[in-house]
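*Asks:* Have a look at the structure that comes next, please.
The values are calculated or read from the model by the stated rules, or taken from the named source; none is laboratory data. The shown structure was predicted, so the numbers you read here are calculated from the model rather than taken from an experiment. Cβ placement follows ideal geometry from the backbone for every residue including glycine, while neighbour counts extend to all protein chains displayed. The area values use the complete protein model at the heavy-atom level, side chains included, leaving out ligands, DNA and RNA. Shrake-Rupley method; radii C 1.70, N 1.55, O 1.52, S 1.80 Å.
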Protein chains: 4
Amino acid sequence: MADSLEALRGRLAGFARERDWEQFHSPKNLSMALIAEAAELVEHFQWLTEEQSYHLPAEKLEEVRLELADIQIYLIRIADRLGVDLVQAARDKIEVNERRYPAERVRGDARRASEYDE
Amino acid sequence: MADSLEALRGRLAGFARERDWEQFHSPKNLSMALIAEAAELVEHFQWLTEEQSYHLPAEKLEEVRLELADIQIYLIRIADRLGVDLVQAARDKIEVNERRYPAERVRGDARRASEYDE
Amino acid sequence: MADSLEALRGRLAGFARERDWEQFHSPKNLSMALIAEAAELVEHFQWLTEEQSYHLPAEKLEEVRLELADIQIYLIRIADRLGVDLVQAARDKIEVNERRYPAERVRGDARRASEYDE
Amino acid sequence: MADSLEALRGRLAGFARERDWEQFHSPKNLSMALIAEAAELVEHFQWLTEEQSYHLPAEKLEEVRLELADIQIYLIRIADRLGVDLVQAARDKIEVNERRYPAERVRGDARRASEYDE
């Protein structure tokens, strides 16, 4: 993992080690912690319209910003525990998606956008 | 967002724009897509022991690697739509955690580790 | 648990026992399976507008119906493993909610509706 | 929906109506609320071993019981909004599973148990 993510990776590994929390940080457990954080993000948006979700009040935006941070933190931790380079993985997946969804074929098609996630 | 994440951010914005998928990418909708990907990660681990989750067969590890990529991709997208710098947000949250959980007080304490997420 | 849920509970316990799958069905693992099913439900709705989510095409509605079934099934299983009576629990929680959110005070208030989930 | 779930369905519909919260209760939004509750369940188990997840202290078990209630409540609400009979859906899905996973073929096989969710 390059640069800033690599720096975060090292810092988070140290954070867990100093607290002797590595024993709790199996990939299985971290996947649970990650989805719990993702759900806190979802909770912020669940009763908002899509339009409202673009225009969060400052205080709520700051809360959402820290939820995104929590997700990024657990994502880095689980990738670290499994030896995965997140940036390289994202690049590889984007290439898969570019081949699978040629712009000219799927333009503006929600159905295709939906299949895109499967 | 610095460096490699910034490059991915730009590439993913272009990917959505070229396919006219920005109309679907409200923060609300992206939070749903993100948790759906997080759940695909969870699914890989749900019947494994913690020990097994460290030692995935090569083929399964590759699948997990691409699930992590999907989560990172949607995380970058939603941060972009909300104008959030993921790396800075993670740094800020780590500082909060360092103050909140002094190593000498929470060492090896699962209960504290649990409160840590709240 | 009364009546029809009780019948389902017994049938699902038999299903797991006959397949020797009880060993996988710890409350921890079942909570993961349950959220994975909840995410499949979310996936059906992630690119739809709220309006569209009320009017699913017949084929998609049937898929959604079976996702709801999967969630109900895992919910019954985990309640069974923990000795929880789902119907009684729901009744108790509704009473809590009725006290906490008097109709005259929270009417039409999304913010209150949101707090309602916390 | 039969009996006790039917009674809960009616009571929850009234609860939302009296508070004018029906406007927030689209199937899309309810799927988000449901997964957020499922995540609160997951959070209770994320740092526990599977063994510990069977033996919750009384106070934690009561919290978990009310999380299960929240999931059941939102499941009933979304089924109601979509006109789905949860008990019938669960019965139908169990029949699918019984055909798909003959006991003699999948006994004790985690891999099959895993495929079972897909």
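*Asks:* For the range C:71-97, what are the residues that are touching a Ser or Thr at 6+ places or on another chain (Cβ under 8 Å) and over 20 Å from D:Glu6 (Cβ atoms)?
*Replies:* Selection gives C:Ile78, C:Arg81.
*Asks:* Based on this model, can you work out whether B:Leu12 counts as open to solvent by less than 20 Å² (accessible area, probe 1.4 Å) and more than 14 Å from chain C (Cβ to nearest Cβ)?
*Replies:* It is true that B:Leu12 is open to solvent by less than 20 Å² (accessible area, probe 1.4 Å) and more than 14 Å from chain C (Cβ to nearest Cβ).
*Asks:* List pairs: first in the range D:12-31 and at positive phi, second outside any helix (DSSP H, G or I), Cβ under 7 Å, 6+ apart or cross-chain?
*Replies:* Going by the 7 Å Cβ cut-off, the qualifying pairs are D:Asp20/C:Arg107; D:Asp20/C:Gly108.
*Asks:* Being touching a residue at least 40 places away in the same chain (Cβ under 8 Å) and surrounded by 16 or more Cβ atoms within 10 Å (Cβ to Cβ) narrows it down to one of C:Ile35, C:Ile78, so name that one.
*Replies:* C:Ile78
*Asks:* Something else now. Is it the case that the range D:44-57 has a residue that's closer than 28 Å to C:Gly108 by Cα, open to solvent by less than 40 Å² (accessible area, probe 1.4 Å) and free of Cβ contacts under 8 Å to residues at least 12 places away in the same chain?
*Replies:* No, the range D:44-57 has no match at all.
*Asks:* On to the next question. Any residue that is crowded, with 21+ Cβ neighbours inside 10 Å, at the interface with another protein chain (Cβ under 7 Å from one of its Cβ atoms) and within 29 Å of A:Arg107 (Cα to Cα) - is there at least one of those in the range B:89-99?
*Replies:* no
*Asks:* So, in the range C:22-32, exactly how many residues are more than 9 Å from chain B (Cβ to nearest Cβ) and either touching a Pro at 6+ places or on another chain (Cβ under 7 Å) or open to solvent by 20 Å² or more (accessible area, probe 1.4 Å) (or both)?
*Replies:* Summing the residues that are more than 9 Å from chain B (Cβ to nearest Cβ) and either touching a Pro at 6+ places or on another chain (Cβ under 7 Å) or open to solvent by 20 Å² or more (accessible area, probe 1.4 Å) (or both) in the range C:22-32 gives 2.
*Asks:* Okay, next question. Only residues that are within 9 Å of chain B (Cβ to nearest Cβ) and aromatic (Phe, Trp, Tyr): list them for the range C:36-60, please.
*Replies:* Answer for the range C:36-60, where residues must be within 9 Å of chain B (Cβ to nearest Cβ) and aromatic (Phe, Trp, Tyr): C:Phe45, C:Trp47.
*Asks:* Same structure, new question: Out of the residues in the range D:1-46 that are hydrophobic (A, V, I, L, M, F, W, C) and in contact with a His (Cβ under 9 Å, 6 or more places away or on another chain), state the one that is nearest to D:Glu67 (Cα to Cα).
*Replies:* D:Ala33
*Asks:* Quick check on D:Glu6: is it under 20 Å from the mean Cα position of the chain (by Cα) and facing chain A (nearest Cβ under 9 Å)?
*Replies:* no
*Asks:* Let me ask something else. Has the range B:64-84 got at least one residue that is small (Gly, Ala, Ser), more than 20 Å from A:Leu66 (Cα to Cα) and within 14 Å of chain C (Cβ to nearest Cβ)?
*Replies:* no
*Asks:* If you don't mind, there's one more thing I want to ask. D:Asp117: within 23 Å of C:Glu43 (Cα to Cα), modelled with pLDDT of 95 or more and charged (D, E, K, R), yes or no?
*Replies:* no
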